[in-house]
Amino acid sequence: MGLFTEAEEMAIEAWEQTGDRDDAMDFLHQSCDGHEAAIYHYKGIIFCADNDTSDGEQYLEDCGGISQPGDSFGQIACRIAFATLLVAAQYELDQLIDQLEEAA
């Protein structure tokens with residue numbers, strides 16, 4: 001599954017579960033934190049290899065840095081995968097809310 005398909009599905013689920021922008025953002029954060037690419041090193045490495053992670057890397061840099069002392073390659077990949085998913089899902093949520101507001 002591609003990044004944007006996954007992010008769109010996560011955004012739809014977050015909105016359906018909460019119906020509120022702030023709560024949906026919290027839901028997305030939890031969903032991304034529990035995503036297999038954010039948990040399992042192998043999945044995180046594959047995710048990073050298969051997707052453009054530039055936005056996630058920038059997000060982490062804005063938050064203080066991509067890596068922490070003592071991190072393994074797998075830990076860094078999982079952190080980047082989490083941030084990439086989060087940024088993409090937040091974007092998709094914003095797009096969904098804009099569409100719903102326009103339709104109303």
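Just so you know, all these numbers are worked out from the coordinates, no wet-lab data involved. Computed from a prediction, not measured in an experiment: that's the story for all the values here. Positions of Cβ are backbone-derived with ideal geometry, glycine not excepted, and every protein chain shown enters the neighbour counts.
Among the residues of the stretch 24-65, the ones that are under 11 Å from residue 82 (Cα atoms) and among the hydrophobic types (A, V, I, L, M, F, W, C) come to 8 in all. Residues in the stretch 17-32 that are more than 12 Å from the chain's Cα centre (by Cα) and part of a helix (DSSP H, G or I): 6 in all.
Are any residues in the stretch 1-16 part of a helix (DSSP H, G or I) and either out of contact with any helix residue (DSSP H, G or I) (no Cβ under 8 Å at 6 or more places or on another chain) or exposed (fewer than 13 other Cβ atoms within 10 Å of the Cβ) (or both), and if so, which ones?
As a first pass, look at the stretch 1-16 and keep what is part of a helix (DSSP H, G or I): 3-16.
Scanning the stretch 1-16 gives 5, 9, 16.
Contact annotation: residue pairs with Cβ atoms under 7 Å, 6 or more positions apart or on different chains, pairing a residue in the stretch 43-58 that is under 14 Å from residue 32 (Cα atoms) with a partner that is acidic (Asp, Glu) and in a helix (DSSP H, G or I), are 43/36.
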